[in-house]
Structures are given as structure tokens and as C-alpha cells.
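Asks: Handing you this structure, nothing more for now.
Readers should treat all values here as calculations from the given coordinates under stated rules, not as data from a laboratory. The structure displayed is predicted, hence computed values, not measured ones. All Cβ positions, even for glycine, are placed from backbone atoms using ideal geometry, and neighbour counts span all protein chains on display.
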Amino acid sequence: MCDRERGWSEVPLVKTWQLIAVSAVTGLALSAATVAAAGPWDSGQRKAERDRAASWSRTGGADHGRDGARALPNAAPSAPGVLAAVRPAGSDPSGSDPGAQAPAADSGPLGAALRPLLADPALGTVRAASVIDTATGRVLYESGADRAMTPASTIKIATATAALAALGPDHRIPTTVASGAGPGQIVLVGGGDPSLTAKKKAPAGSGGSLVALAADTAQALKAAGTESVALGYDDSLYTGPVRHPIGANDNIAPVTALTADEGRTDDSFSGPAPRTDDPSGDTARAFAALLTDRGIKVTGEPAKAKAPAGAAPLAVTLSTPLAGLVERMLTNSDNDIAEALARHTALASGQPAGFEGVEKALGPKLASLGIDTSDSRFADGSGLNRADKVSAGLLTALLAKAADPQRPQLRPVLTGLPVAGFTGTLRTRNAGTSPAAGLLRAKTGTLTGVNSLAGTVVDPSGRLLAFAFLTANATDPGAAEKGLDRLAAAVAGAS
């Protein structure tokens, strides 16, 4: 946990996802009603799940995270097949570590099904595949599984795992108002909450509320006899360039520590959208207007300022718990949340909260879990950067870690994955009569010429399998996606 946030992350909260009764997931066939009623913990994803997954390709191919004495969260029963298929550590006769990859035995029907599908020219000129049994770590099929490739948005699996490992699923990110350096001055301090909203009617699933923060601030000011203030704003928590290397793009706003509604200039909640060039300034101006509505006069325009060290906060608003942020990020392939979680992982690792710090922090944090990060590169948290490099084997190892009964704090990595044929970026894929519909959960990845898919599925024998397919140099993204879906369906249908 980052020291500067320690005081706020301990604020008591109602952990609704911990209060859910953990029950077995019965049966391998799920009806549409069952899957619609399950879904991720973050209820704010319901609207997003109705968005067309295809909309992520609109702007040029972008596919678009404690104290050990505390009780760990229960595994969420919202992931189809996950609880029923996860076996206790040591249940395999080999005694393998669930996160390790043992040598492959005869791949049998699975290999026979995957080999011709992996040879599909629609997948491009470079392909890599990894399928493992999450309970035993046994490699069931692999082809080029150690080859480091551009993963696109499947790198969000790594971002989510690192953030949860660094901060824990209960961690919440504060946005505060503190007294300024002079009389009558206050400072709005950004903590990097990607769920912060300025909307008076907050979208479901939003976290920190500028409206509530303004109400609490106004109340505190009036109690002190202050009715007029000068407003500054502090977004200095993040360092380095605010623009992602891809430049201005509908898939991501400038990355600042003070951004409301992801800098969207329309009413959208997920997917590509026009973004403001000045998220911090716009957020501060929205906050000034909210204070004015509550009887506090704000003199002049909000200006950048530095909150005095050790200044007591007048008011605080907290983000959605990290578990919910992870699930929303994975389900919607949300680049803004991904970059925020990567920066908080960097802070928790003692690195600066910028792209450079992210690259230095993510690999070592994953390695601390026993993951082999050789030849990997984490140039960002979202996967928009083509310099990112991971292997199919690394992705399946991460998914196996998230399924490990001894690591329930990582479970949101699984429960946040879109459900084939039903939710998020998989809503329109592997639908209908596909054996993967309702059973397979996977993270999609798409950049021009890059297509990937990584997730989990319960096979007919009841095993929870993790799979990853990475491809490069495809010329027809639609055909490549169909090829990936056929591979995933083969994993779901193999015995």
C-alpha cells in the first residue's frame, strides 16, 4: 500500500462482495437467464454489458487494481464454473503448484482439435498458444508458448493481477479537499480514482462522487464560518507525460490523477468516446460549480496548486473497491482504469506514477507471485502500446494464480473476464449454439494486425482450464476473431 494513501484505505466499508454466500456453481450448461443474473460484482457493468462489443474497433483497432491478519475475500460465485472447478491445492497426485507449468503429456483430443485451427491463415503469420489445467499446472497444449508477443488488451490480465497483489481487493482510492497555504484557500487533491464522477446522477458502479465531496466540503466550510474560497487543484500524484504514446485517441483520456468520468465529453459510460484535453482542469471547474450550487462562492478560476504537506482534509470521497475496478476494467476493456491501476501498482512498489514507473513495477510484482516474466515488457497498463511483450504461457500462468484457492485476493481477475455470448467485449462472440457460450470467460485483445484471446473455461470433464492465444500480422480482424473463437470453443468442447 502506498504510504500516502494508508490513512484512507482503512476507512470502513461495506464489502458487499464479501457478504455474498459462496455456493457451488451447479452444472456446466448455463441458461441465458442464469448468466444474465450472475455477471461481475460491479453492478455498474450492467449498462456496459449492453454496449456493442464491436464498438471497440471504431477508432483504429484499440480493444477498447494487506494486512495479512485480516480475513481474505471469499471467491465470488459470479464466475460461471469457476468455483465448482477450482480444486484445493494438492488435490492433484503430482502435487503441482497451481501456478506452475508442468511438462505436457499427450495432448490427445485437445491437441488434435487445436492444431488445425491454429494453422488457420486468418490468424496471421505468427501464432502462439497455451492451455493448462489450473488445478495442477499441467500443460495440456502449447505452441510457441514462451514467445514474447504484443498482447494488446490481454495485458490487462497482468495489470489486474499486479494491482490486486500490490494493494488488495478492498483498497479504495481517495479524492480529497484540503486547506490551502493561505486563508480562504482550498485544494482539490486528485488521488487517481478512475471511477470518480461529476454527474449529479452518478452512473451505477461509479465510485468517488464530486457531488458528495462538494456537499461535505460546503458543510465543513460553513461550519467554520467560511462562505467564499479560492480553489486550487493538485494532480501531482502522477508524473511524466499525461498523453499515452498513441497520442490523442477516443480510447483513452490524458492520464492525470484528477479526472472525472474518464474525461468523456459525451454521456457514455464505456467504450470509445471523445475526450477532453484537460481532465484535471475540467474536474476542478466542475467542482467549483458544485460548491457554488451549495452556497460557497468560488473566487476566480481554479488554478493548479500544491496541497500543503500534512494538511488535514476537509472532506474525502473514495473510489469503488479495487475488486470492482478490476472487474469493470476487464469486462469493458477499460483503458483509463487500466492505466490508473498500473500507476497505483507503481506507487505501492516505490516507483513514480508514470509510464516509466509502471514499466519498472509490473514485472517485479508479477515475479513476486512466482510468475516467469522473462522477455516480457510492460510499457503501459492498457495494452495500447505495441512495445508491450508477454507470452501466452505467462497469461495462462497468471490465470492459474487467480484460480489458486490459496490466493482468493486475485479472484477478481477471473470474475471480471467477459462471458462468451453474454457480457462485455465477448457479448457478441461465441454466442448461440457454440459450446463456449456462457461457459467461457476471456479477455479480448485487438490492435491493427494483432488479435489475442486469453481466459478460462470448464471442460466437459469438469476441469477449469486456462488458455491464451496470441497472433500477429492478420489482415482481416473479423476473420482473425472468428479463428480465435473457434480455438476457444475447441478448448471448451474437448474432453
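Asks: Taking the Cα centre of the stretch 174-319 as the origin and placing charges on Cβ (Lys, Arg +1; Asp, Glu -1), which of PRO302, PRO183, SER236 is farthest toward the positive end of the dipole?
Replies: Selected residue: PRO183.
Asks: Can you check how the C-alpha radius of gyration of the stretch 374-495 compares to 2.2 N^0.38 Å, as a plain ratio?
Replies: The stretch 374-495 yields a ratio of 1.04.
Asks: Straight-line reach from LYS200: which lysines have a Cα under 25 Å away, not including same-chain ones fewer than 8 places off?
Replies: Within reach: LYS15, LYS47, LYS222, LYS297, LYS304.
Asks: When Lys and Arg each count +1 and Asp and Glu each count -1, what net charge do the other residues less than 13 Å away from LEU440, Cβ to Cβ, add up to?
Replies: Surrounding charge for LEU440 is +3.
Asks: Would you mind ranking ASP266, ASP334 by Cβ crowding within 10 Å, fewest neighbours first?
Replies: The most exposed by this proxy come first: ASP266, ASP334.
Asks: Listed highest first by mean packing, meaning other Cβ atoms within 10 Å per residue, what order do 191-201, 310-320, 472-482 come in?
Replies: Top of the packing list down: 191-201, 310-320, 472-482.
Asks: Okay, moving on. Restricting attention to the alpha-carbon atoms of the stretch 174-319, what are Rg (one decimal) and Dmax (integer), both in Å?
Replies: Answer for the stretch 174-319, Rg first and Dmax second: 14.8, 48 Å.
Asks: What are the ³J(HN,Hα) values, in whole Hz, obtained from phi via the Karplus relation 6.51 cos²θ - 1.76 cosθ + 1.60 with θ = phi - 60°, for each residue of the stretch 480-486 in sequence order, with x given for Gly and Pro?
Replies: Working through the residues one at a time gives 5, 4, 5, x, 5, 5, 5 Hz.
Asks: Assigning unit charges at the beta carbon (Lys, Arg +1; Asp, Glu -1) and nothing else, what dipole magnitude in debye, to the nearest 20, does the stretch 174-319 show about its Cα centre?
Replies: 280
Asks: Here's a follow-up. Considering only DSSP beta bridges with both partners in the stretch 174-319, what is the antiparallel share in %, to the nearest 5?
Replies: Restricted to the stretch 174-319, the bridges split so that about 50 percent are antiparallel.
Asks: Spelling out what I want: for every residue of the stretch 367-383, take phi, set θ = phi - 60°, compute 6.51 cos²θ - 1.76 cosθ + 1.60 (Karplus), and round to whole Hz; glycine and proline get x.
Replies: Listing the rounded values in order: 4, 5, 8, x, 8, 7, 9, 4, 6, 7, 9, 10, 6, 7, x, 9, x Hz.
Asks: Taking the Cα centre of the stretch 306-414 as origin and charging only Cβ (+1 Lys, Arg; -1 Asp, Glu), how large is the dipole, in debye to the nearest 20?
Replies: I would put it at about 200 debye.
Asks: Right, here's the next one. Can you flag which of LYS201/LYS360; LYS201/LYS482; LYS156/LYS360 are past 27 Å Cα-Cα?
Replies: Pairs exceeding the cut-off: LYS201/LYS360; LYS201/LYS482.
Asks: Count the net charge of all other residues whose Cβ sits under 11 Å from the Cβ of SER349, scoring Lys and Arg as +1 and Asp and Glu as -1.
Replies: Neighbourhood net charge equals +3.
Asks: Using a simple charge model, +1 on the beta-carbon of Lys and Arg, -1 on the beta-carbon of Asp and Glu, nothing else, what dipole does the stretch 100-241 show about its Cα centre, in debye to the nearest 20?
Replies: The calculated dipole for the stretch 100-241 is roughly 300 debye.
Asks: Below 9 angstrom from the Cβ of ASP388, what's the summed charge of the other residues (Lys, Arg +1; Asp, Glu -1)?
Replies: Overall, the nearby charge balance is +2.
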